[in-house]
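The structure under discussion appears below in the form of structure tokens.
What follows is calculated from the coordinates using simple rules that are stated; it is not laboratory data. Source: prediction; values computed, not measured. Note that each Cβ is placed from the backbone with ideal geometry, even for glycine, and that neighbours are counted across all protein chains shown.
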Amino acid sequence: YVYLDSMSFNLLNQTKTLSAAFWLWVLLGKKQSRIQMIALFLLLVAAVVLNMSPSSLTSSSSDNTDNNGVTTEYQFGLFCVASASMLSGLSAALTQRALSGTQSRHTMLYSAEMAVYGIVFLLGNLMVNSHIQ
């Protein structure tokens, strides 16, 4: 989010709802109602329209912009936030599948497992970064 203005980041971050609906449809076959589909479409349109012409983030140098005057940093920021949104939707769908499947799991146990995995990965990251420096 360093490369985006706050409005673009917050708007793209809201597309997690869209990606969660997509992944629930792909993984669990859950279909949306007509009203929900219209709302999701409007969310997508808003994200696209409001991020089409970031005139305040254009660069004056020609080596750092594309044909539309959009900086490569801005494009990179868009890509990162959109990727994080898709991964967030995927994780929400996988959590839904784990907690409501045929072999549903206890929510407290699932939360504890996620906390342990988070601690392990954070400690691993700390060890790797301490060896690099």
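Let's see how each residue does on (1) closer than 26 Å to F22 by Cα; (2) loosely packed, with under 10 Cβ neighbours inside 10 Å:
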residue	(1), (2)
T95	yes, no
Q103	yes, yes
L109	no, yes
A112	no, no
L122	no, no
H131	no, yes
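The number of residues in region 9-42 being assigned to a helix (DSSP H, G or I), in contact (Cβ under 8 Å) with a residue 12 or more places away in the chain and closer than 12 Å to G89 by Cβ comes to 13.
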